[in-house]
Amino acid sequence: MPAAPPSPDQPTPGQPTSGPPASTPLASASASVLFVCVHNAGRSQMAAGFLSHLAGDRVEVRSAGSVPGDRVNPAAVEAMREAGVDISAATPKVLTPEAVQSSDYVITMGCGDACPVFPGKKYLDWALEDPAGKGVESVRPIRDEIRTRVEALIAEIDAEQRRGA
C-alpha cells in the first residue's frame, strides 16, 4: 500500500520548513515596552507607533494612559501618517498595574506619579511637549523628537540583547 501524502501543515520529508523554528530569537519579542502618558492620545501613541514600525515584532509594544482620552489626537494621527506610520486604528487604553508588571521598559511622558513601580523594570521619563490641542504643524517637531528617542531606545534594547542581559 503506498504511503499517504503529507498533510498540508506537515513538511514533505527532505524539504525545508518555512520560517524560523520556535526556539529562534525571531519567534518572540526580545523586550517589552510600555509607553505611558496622561490621555494615551498623543505622545504615547506616536511612540508606540514608531516602535512597532521600526522594530517590528522584535519588541512587544504597549501604550496606556493614566486618564485615557476618548480617541487618539487627530493631529498626531496625521503627523504620523506623514511619517509613513498609521496609528488611525489605535485607541486610548487605561494604565493597569498588569501592563506595567509585564513590561521590561516603562517610559512615562508626563503622567506624574500615576505609574506603579515594580522592581526589575527599567523606567525612563521622556519630557516631551503635550500635543493636545495643537495642530499638525506643532505636532511635527514632537513627532520627530519621539522618533529620535525611539531609535535610541531600539539601539539600547539591541545592545542589552547582545550583552545577554
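The values are calculated or read from the model by the stated rules, or taken from the named source; none is laboratory data. Bear in mind that the values here come from a model prediction, so they are computed numbers and not experimental data. A quick note on method: Cβ atoms are made from the backbone with ideal geometry, for glycine too, and the neighbour counts reach across all protein chains shown.
Scanning segment 70-93 for residues that are assigned to a helix (DSSP H, G or I) and either of a type in the set (Gly, Ala, Ser) or at pLDDT below 95 (or both), we see that the one that is surrounded by the fewest Cβ atoms within 10 Å (Cβ to Cβ) is Ala75.
Looking only at segment 26-58, how many residues end up being on the phi < 0 side of the Ramachandran plot and either assigned to a loop (DSSP other than H, G, I, E, B) or of a type in the set (S, T, N, Q) (or both)? Adding up the residues that qualify gives 11.
Among the residues making up segment 35-69, those that are buried (at least 23 other Cβ atoms within 10 Å of the Cβ) and of a type in the set (S, T, N, Q) are Asn40, Ser44, Gln45, Ser63.
Filtered by the rule that a residue be in contact (Cβ under 8 Å) with a residue 60 or more places away in the chain and buried (at least 17 other Cβ atoms within 10 Å of the Cβ), segment 94-112 gives Ala99, Val100, Ser103, Asp104, Tyr105, Val106, Ile107, Thr108, Met109, Gly110, Cys111. Counting only residues that are closer than 19 Å to Ala152 by Cα and modelled with pLDDT of 95 or more, segment 37-58 holds 13 of them.
Considering Val67, Val61, the condition of being β-branched (Val, Ile, Thr), outside any helix (DSSP H, G or I) and more than 11 Å from the chain's Cα centre (by Cα) is satisfied by Val67 alone.
Selection of segment 113-139 for residues being surrounded by 14 or more Cβ atoms within 10 Å (Cβ to Cβ) and closer than 15 Å to Ala41 by Cα yields Leu128, Glu129, Asp130, Pro131, Ala132, Lys134, Val136, Val139. Output the residues belonging to segment 140-165 that are loosely packed, with under 15 Cβ neighbours inside 10 Å and over 18 Å from the mean Cα position of the chain (by Cα). Matches in segment 140-165: Pro141, Arg162, Arg163, Gly164, Ala165.
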